[in-house]
Amino acid sequence: MNHSNKQQWQTKLSPEAYRVTREGGTEPPFTGQYYLNKDAGIYHCICCDEPLFHADQKYDS
């Protein structure tokens, strides 16, 4: 990844989102804004906005 591309991602994403999506980090278990979310809809990638999965496919793991 070149330096300007890295800076673009750091500008677009929060520090935690950057660490998780660009550096392979993880969120602490049982945290995050969608942990207890039961809303209907489609989850999208925070980086490219591609659909990931529908809310009815979410399960307790």
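Structure summary
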| item | result |
| --- | --- |
| Matching residues in the range 1-37 - criterion: being at pLDDT 95 or above and acidic (D, E) | E23 |
| Within the range 33-61, considering residues that are touching a His at 6+ places or on another chain (Cβ under 7 Å) and not hydrophobic (A, V, I, L, M, F, W, C), the one nearest to N5 (Cα to Cα) | E50 |
| Enumeration of residues in the range 5-41 that are loosely packed, with under 11 Cβ neighbours inside 10 Å and β-branched (V, I, T) | T11, T26, T31 |
| Tally of residues being touching a Leu at 6+ places or on another chain (Cβ under 8 Å), touching a residue at least 12 places away in the same chain (Cβ under 8 Å) and not hydrophobic (A, V, I, L, M, F, W, C) across the range 26-61 | 1 |
| Residue count for the range 42-61, restricted to those that are surrounded by fewer than 10 Cβ atoms within 10 Å (Cβ to Cβ), part of a loop (DSSP other than H, G, I, E, B) and not aromatic (F, W, Y) | 5 |
| Qualifying residue in the range 46-61 (condition: modelled with pLDDT under 90 and hydroxyl-bearing (S, T, Y)) | yes |
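The values are calculated or read from the model by the stated rules, or taken from the named source; none is laboratory data. The structure presented is a predicted model; accordingly, all values stated were derived computationally and were not measured. So basically every Cβ, Gly included, is an ideal-geometry build from the backbone, and we count neighbours across all protein chains shown.
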